[in-house]
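Structure record follows, encoded as structure tokens.
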Amino acid sequence: MSARLNMFTSPIAGKVWKHIIAAGKALEGSTLPAATQELVKIRASQINGCGFCLDMHIKDALAAGEDSVRLHLVAAWREATVFTDAERAALELAEQGTRLADGGGVSDEAWANAAKHYDEEQLAALVTAIAIINAFNRGNAIIQQPAGDYQPGRFA
């Protein structure tokens, strides 16, 4: 299986994706916990069916020391006891921010819950992480980017 298009050999797509990757790297300096960032990326990628991003973010999370049980339970975060209240708030925001067409956007309740756990800069990082992963998910879905061969740190 191969992708329909190589986004990095296309002059215009390569330029755009490099900027999106750089935007994601800017989040590395955020005080939003790295584990929360990965959980949000994984949840959005599950919803969007992006195998490449799931492969990448699960492997990166494991390489960073994340617990495999937590990663296995991201899709069932509401029923799982392994997530903090703050992580649950972030996952709810990620779900609603990813499923915009399903329910009319992000509810005031979900936003208020996230704001209880994160300061303004962390909320900005959380919103940005959700937006960026959704952009990657959509691009990968359109070109049918295959999953399974990612090695942790490949895009570091």
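The values are calculated or read from the model by the stated rules, or taken from the named source; none is laboratory data. No experiment lies behind these values; they were computed from the predicted model shown. Positions of Cβ are generated from backbone atoms using ideal geometry, with glycine treated the same way; all protein chains shown enter the neighbour counts. Side chains are part of the model used for accessible areas, which takes the heavy atoms of the whole protein and leaves out ligands, DNA and RNA. Shrake-Rupley method; radii C 1.70, N 1.55, O 1.52, S 1.80 Å.
From helices alone, the chain scores -20500 deg cm²/dmol at 222 nm; the rule is -39500 (n - 2.57) for each run of n ≥ 4 DSSP H residues, then divide by the residue total. Taking Cα atoms only, the orientation of helix 85-98 departs from the longest principal axis of the chain by about 50 degrees. Entry note: the chain has Rg to Rh equal to 0.95, where both radii use alpha-carbon atoms and Rh is the Kirkwood radius.
Per residue, the Cα convex hull of the stretch 89-156 amounts to 113 Å³. In this simple spin-label model, placing a label point 7 Å from the Cα along the Cα-to-Cβ direction at both Val69 and Thr81 gives a separation of 0.9 nm. Solvent-accessible surface of the stretch 47-99, taken per residue with a 1.4 Å probe and all protein chains present: 44 Å². Between the stretch 15-93 and the stretch 103-156, what is the separation of their alpha carbon centroids in Å? About 7 Å separates the Cα centre of the stretch 15-93 from the one of the stretch 103-156. Counting only alpha carbon atoms, the long axis of helix 34-48 and the longest principal axis of the chain meet at about 70°.
Across the stretch 127-143, rounded Karplus estimates of 3J(HN,Hα) from the backbone phi angles (6.51 cos²θ - 1.76 cosθ + 1.60, θ = phi - 60°) give 4, 5, 4, 5, 5, 5, 5, 5, 5, 4, 4, 5, x, 5, 5, 5, 8 Hz, Gly and Pro being marked x. A DSSP coil position with no more than 13 other Cβ atoms inside 10 Å describes the following trypsin sites (Lys or Arg not before Pro) in the stretch 68-156: Arg78, Arg154.
Quick check: the angle from helix 11-26's long axis to the longest principal axis of the chain, C-alpha only, nearest 10 degrees? Result, in degrees: 30. Assuming charge only on the beta carbon of Lys and Arg (+1) and of Asp and Glu (-1), the dipole of the stretch 3-115 about its Cα centre is about 600 debye to the nearest 20. Highest mobility in the GNM of the chain, judged by mean-square fluctuation with C-alpha springs under 10 Å and restricted to Leu126, Leu73, Leu54, is found for Leu73. Excluding residues fewer than 8 places away in the same chain, name every one of the lysines whose C-alpha is closer than 25 Å to that of Lys116. Hits, sequence-local ones excluded: Lys41. At a 1.4 Å probe, what is the % contribution of carbon and sulfur to the accessible area of the chain? C and S fraction of accessible area: 57 percent.
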